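K.L.:
Here it is: the structure, laid out below.
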Amino acid sequence: MEVSDKKVERLLQKSNKLNKEQLDSLKQQAENEKKSLMAVAVAGNIASEQEIAMLYAEDIGVPYIEFSAKDIPKEILKLIPEHIAKQFRTILFEVEGDTECNLVAMEDPDDVEALDVLQKTLGENIRIYTATRTNISAGLDQYRENISGELAKVVSDEDEDEVDEDVSEEDIAEDSPIAQTVNLIIEYAIRTGASDVHIEPRDQYLSVRYRVDGILKEANRLPKKIMAALVSRIKILSNLKIDERRAPQDGRLKISVGERMWSLRVSTLPIMEGEKVVMRVLNDTAKALTLEELGFWGHSLDTINGAIREPHGMILVTGPTGSGKSTTLFSVLSILNSPSVNISTVEDPVEYRIGGVNQTQVNPKAGMTFANGLRALLRQDPNIIMVGEIRDSETAGLGVQAALTGHLVFSTLHTNNAATCLPRLLDMGIEPFLIASTVRAVIGQRLVRRLCQTCREQYKPDANELKGLTNMFKLNDSKMIQHYHLLEKQALDGGIGKIDNEQKSDLATTENGIKYFWRPKKGGCDACNHNGFKGRIGIYEVIGSSTEIQGMIVANATSEQIQGEAIKENMITMQLDGFIKALRGLTAVEEILRVTRE
């Protein structure tokens, strides 16, 4: 909800959230940044959008509401035409059965013109509520149809025509059907929470696929004849060369959807059937999650918190591509970010922008490699350094030297688990005693799909499934069952799978056995787009730097030996971490096995 600066000032004064000096400083900041007072207050965590909306609602005597946009029936939503709803930022979210009263949410219930139009459209039987701008935007999104229906309106299905390699200016103009198609493809990706968009030419058609929660699914097929124009339009938005079709290109574009700004990292690649385009979706306005929100708890959380508070040393994050390593580092750097420290990074690419952090993009053509970038950073008086990835012995050596000379160094490696990271550094030519004296913690991680918390269901496995789980997790061992029960209690205490008013007795385990497991509901529900899963969560293992493990590194121990010692020191493996989260109802056991089974 965008309230005028004068109203926001009055609301903040009334709420006693700021004294006069702080309020004057906030007004000056809003003026300098050319932003509204509300935007600056929300960005500075002085008051949330919901708090301001509730204060405003109380001030004008109109009740505040938070409605579920996805639950609004289309026939009710469309009683207010889309153009009116967008113009006056208003949503009809319910019609009461008994009184047939129209319940309407508005961004600004003080808008007299909007109220007059609503009465002409719906009649006098209206009840008005105040809602946030974000909630209203989510409601307006529901006017959109599915991507197939919308694309059909702007693209004809005459796919028997030949592909047109010549692209005219009219084809890719701002208001052309091709431009509308590109906008729809991107908006649908953002609305469905996709991490990547794949536009792939096939023999007879153009395939549009989305990766949602790590799973790639085809959403639509477009006529092959629009391929050249579609790719050219994306290239224009990404500042790429339109006439270069024989070599891969990389670019970036920005788009505003709803109330948020999004960046898309664009990559083109010539293949046999034409040019393939992949767009990685990045939320520019996303706030860093806490380590607890990422899914850390217990021993893992304590080990990381201890390591990042060290004055110097190296913390490494390992896992395959797409396992959330950058997100973990983004959260850790945000925790450490303050005006009193100089944080510098060298990344390829810069995915998350962090205010107050000096971020450098790798550019091999200009000689800016990870090694050269790290060498330059060391001359910039840094306290904390983040190197996007250790790919070679030179970068590894420089990182270790930086950790030895009083810097806190973060980086990533591509290894299967945390323990294999340490021998990997040995393979890169780093001396064992240097690894032992610099590495403070190694985090191994994967991402698993999160069960939809609305429709997930409990179940007891059948004999075949139980046999497989028993072999995998030793469910016939009474000591292991007691161990799982203890870990589940610790996880609940750490907020894992905790919901409002949940009692500590609500556990899937007892000291004698497992009562039930969780699984996705077949067919899902509206909240998860009928997938049974919604979002993802990390599963982790964290190896600390104990005296015993340092000794093993110096003695050139194998990764299996290091892992064994870490488990003795209470490390929870990724598979076990996932199993506990499955017991807590965050994910399914099948998901854990999918990403951890070797």
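K.L.:
Cα centroid distance between segment 104-140 and segment 252-299, in Å?
P.N.:
Taking the Cα centre of segment 252-299 as reference, the centre of segment 104-140 is 33 Å away.
K.L.:
If one computes the Cα centroid of segment 39-62 and of segment 12-38, what distance in Å separates the two points?
P.N.:
13
K.L.:
Work out Dmax and Rg for segment 435-574 from the C-alpha atoms and quote the Rg first, both in angstrom.
P.N.:
When restricted to the Cα atoms of segment 435-574, Rg and Dmax are 18.5, 56 Å.
K.L.:
What percent of all Cα-Cα pairs in segment 362-462 falls into each 5 Å bin, going from 0 up to the bin containing the maximum distance?
P.N.:
2, 11, 20, 19, 14, 9, 6, 4, 5, 6, 4, 1, 0
K.L.:
Sticking with this one: Rounded to a whole number, what % of the accessible area of segment 65-130 do carbon and sulfur atoms account for, probe 1.4 Å?
P.N.:
Values: 1670 of 3540 Å².
Carbon with sulfur: 47 percent of the solvent-accessible area.
K.L.:
In addition: Past 29 Å, Cα to Cα, is the threshold; run Lys70/Lys467; Lys6/Lys78; Lys35/Lys325; Lys325/Lys489; Lys217/Lys365 against it and keep the listed order.
P.N.:
Lys70/Lys467; Lys6/Lys78; Lys35/Lys325; Lys217/Lys365
K.L.:
Between segment 481-500 and segment 386-416, what's the alpha-carbon centroid distance in Å?
P.N.:
Computed from Cα coordinates, the inter-centre distance equals 35 Å.
K.L.:
Also, quick follow-up: Given H placed 1.01 Å from N in the peptide plane, which residues other than close sequence neighbours of Thr318 have an amide H under 5 Å from its amide H?
P.N.:
Leu413, Ile443, Gly444, Gln445
K.L.:
Another question, if that's okay. Find, to one decimal place in angstroms, the Kirkwood hydrodynamic radius of segment 335-402, where the mean of 1/r is taken over every pair of different Cα atoms and then inverted.
P.N.:
About 12.2 Å, per the Kirkwood formula over Cα pairs.
K.L.:
Just the number, please: Stokes-Einstein D of the chain in µm²/s, Kirkwood Rh from C-alpha pairs, 4 °C, 1.567 mPa s. If you can, show how the numbers build up before the last one.
P.N.:
Working: Rh = 27.4 Å.
Taking Rh from Cα pairs, D becomes 47 µm²/s.
K.L.:
How much accessible area per residue does segment 439-598 have, counting only protein heavy atoms and a probe of 1.4 Å, in square angstrom?
P.N.:
Working: 8020 Å² over 160 residues.
The answer is 50 Å² per residue.
K.L.:
Another question, then. Find the relative contact order for segment 320-413 and round it to a whole percent, using C-alpha pairs within less than 8 Å whose residues are 6+ positions apart.
P.N.:
Worked out over segment 320-413, it gives 26 percent.
K.L.:
For a quick check: with amide H placed at 1.01 Å from N, whose amide H comes under 5 Å from Met368's, ignoring anything fewer than 5 positions away on the same chain?
P.N.:
Amide H neighbours of Met368, under 5 Å, 5+ apart: Asn363.
K.L.:
Taking the Cα atoms of segment 220-296, what is the range of coordinates along each of the three principal axes, in descending order and whole Å?
P.N.:
Its Cα atoms span 47, 26, 25 Å along the three principal axes.
K.L.:
Taking the simple approach of a point 7 Å from Cα along Cα-to-Cβ for both Thr99 and Ser68, what is their distance in nm?
P.N.:
Label-label distance for Thr99 and Ser68, simple model: 2.3 nm.
K.L.:
Excluding ligands, DNA and RNA, what is the solvent-accessible area per residue of segment 313-420 at a probe of 1.4 Å, expressed in Å²?
P.N.:
39
K.L.:
Same structure again: Could you order Glu275, Glu569, Glu511 by accessible surface area, starting with the largest, using a probe radius of 1.4 Å?
P.N.:
Highest to lowest solvent-accessible surface, that is Glu511, Glu569, Glu275.
K.L.:
If you average 1/r over all unlike Cα pairs in segment 308-361 and invert the result, what Kirkwood radius do you get in angstrom?
P.N.:
One over the average 1/r among Cα pairs gives 12.2 Å for segment 308-361.
K.L.:
Follow-up question, since we're still on this one. Report Tyr352's accessible area, 1.4 Å probe, all protein chains in place, as a number in Å² to the nearest 10.
P.N.:
Near enough 60 Å² of accessible area.
K.L.:
Tell me, what is the percent relative contact order of segment 505-559, built from C-alpha pairs under 8 Å that lie six or more residues apart?
P.N.:
15
K.L.:
Now a separate question. Please flag any cysteine in the chain that has no other cysteine's Cβ under 4.7 angstrom from its own Cβ.
P.N.:
Among the cysteines of the chain, those whose Cβ sits 4.7 Å or more from every other are Cys101, Cys421.
K.L.:
Right, something else. Restricting to Cα pairs below 8 Å that are 6+ residues apart, what does the relative contact order work out to for the chain? Please round to a whole percent.
P.N.:
Working: 1025 pairs, mean separation 57.6, N = 598.
The value is 10 percent.
K.L.:
Here's something else I'd like to know. How much length, in nm to one decimal, is gained on full extension between Ser36 and Glu82, taken as 0.36 nm per residue of separation minus their Cα-Cα distance? If you can, show how the numbers build up before the last one.
P.N.:
Details: separation 46, 0.36 × 46 = 16.56 nm, distance 2.67 nm.
Stretched fully, the Ser36-Glu82 segment lengthens by 13.9 nm.
K.L.:
Using a Förster radius of 45 Å, what is the FRET efficiency between Ala366 and Ile126 based on their Cβ-Cβ separation? Nearest 0.05, please.
P.N.:
0.15
The values are calculated or read from the model by the stated rules, or taken from the named source; none is laboratory data. Note that the coordinates shown come from a computational prediction; the quantities given were computed from them, not determined experimentally. Neighbour counts are summed over all protein chains in view; Cβ atoms, including those assigned to glycine, are modelled from backbone coordinates with ideal geometry. Remember, those area values only see protein heavy atoms, side chains included, never the ligands or the DNA or RNA. Shrake-Rupley method; radii C 1.70, N 1.55, O 1.52, S 1.80 Å.
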